[in-house]
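Only one structure is covered here, and it is reproduced in the block below.
The values are calculated or read from the model by the stated rules, or taken from the named source; none is laboratory data. What you see is a predicted model; the values in this text were computed from it and never measured. Backbone-built Cβ (ideal geometry, glycine too); neighbour counts: all protein chains shown. Note: accessible area is taken over every heavy atom of the protein model, side chains too, but ligands, DNA and RNA are not part of it. Shrake-Rupley method; radii C 1.70, N 1.55, O 1.52, S 1.80 Å.
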Amino acid sequence: QLQASGGGLVQPGGSLRLSCAASGSIFSIDVMGWFRQAPGKQRELVATATSRGSTNYADSVKGRLTLSRDNARNTVILQMTSLKPEDSAVYYCKASGWSGRTWYDHWGQGTLVTVSS
C-alpha cells in the first residue's frame, strides 16, 4: 500500500531522493513521512508532513533533508543532500490518519541508504 523507492549507495556529501506513494486504498492521510533504522538502533523520525502543510524534522537532518508532500497524489519526496555516513540506514515511509474513529499507521517496505566512500 506504500511504495517506496530511491535508496542506494552514495558518497559522503552526495545527494539522494526518496519517494513514497500511497495506493488508492489508503484514504485521508493526516501525517506522511519518513523514519529510519540503522543496525543496532531504534527506528527514529526523519521528517513528516501533515495534510495541512506542517513539517517536522529530526534535528540531525535539518538544513540537509527536505520533505515535500503532494496531497492530491498521496506522495512524499525526501530530498537528501550533504549526506553523512551516519545517515546510513533503512528508510521507511509511513502514512497515518483516521479511518472512521480508528487511527491507522501504514509502513512501507523500507529502502536502504548507504553513505560511504
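Before moving on, here are some points about what is shown:
- The lone criterion from (1) touching a Cys at 6+ places or on another chain (Cβ under 9 Å); (2) of a type outside the set (S, T, N, Q); (3) surrounded by 16 or more Cβ atoms within 10 Å (Cβ to Cβ) left unmet by R69 is number (1).
Rundown of residues vs (1) surrounded by 15 or more Cβ atoms within 10 Å (Cβ to Cβ); (2) in contact (Cβ under 8 Å) with a residue 40 or more places away in the chain, yes/no style:
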{"residue": "K62", "(1), (2)": "no, no"}
{"residue": "T81", "(1), (2)": "no, yes"}
{"residue": "V90", "(1), (2)": "yes, yes"}
{"residue": "W98", "(1), (2)": "no, yes"}
{"residue": "R101", "(1), (2)": "no, no"}
{"residue": "S116", "(1), (2)": "no, yes"}
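- The stretch 7-37, subset more than 17 Å from M80 (Cβ to Cβ) and of a type in the set (V, I, T), residue modelled with the highest pLDDT: V31
- Of the strands (runs of 3 or more DSSP E) lying entirely inside the stretch 1-41, the ones with 1 or more residues being in contact with a Lys or Arg (Cβ under 7 Å, 6 or more places away or on another chain) and open to solvent by 60 Å² or more (accessible area, probe 1.4 Å) are found at 29-37.
- For the stretch 97-116, filtered to residues that are among the small types (G, A, S) and modelled with pLDDT under 95, the residue that is nearest to P39 (Cα to Cα) is G110.
- Residue count for the stretch 42-58, restricted to those that are surrounded by fewer than 12 Cβ atoms within 10 Å (Cβ to Cβ) and in contact with a Lys or Arg (Cβ under 9 Å, 6 or more places away or on another chain): 1
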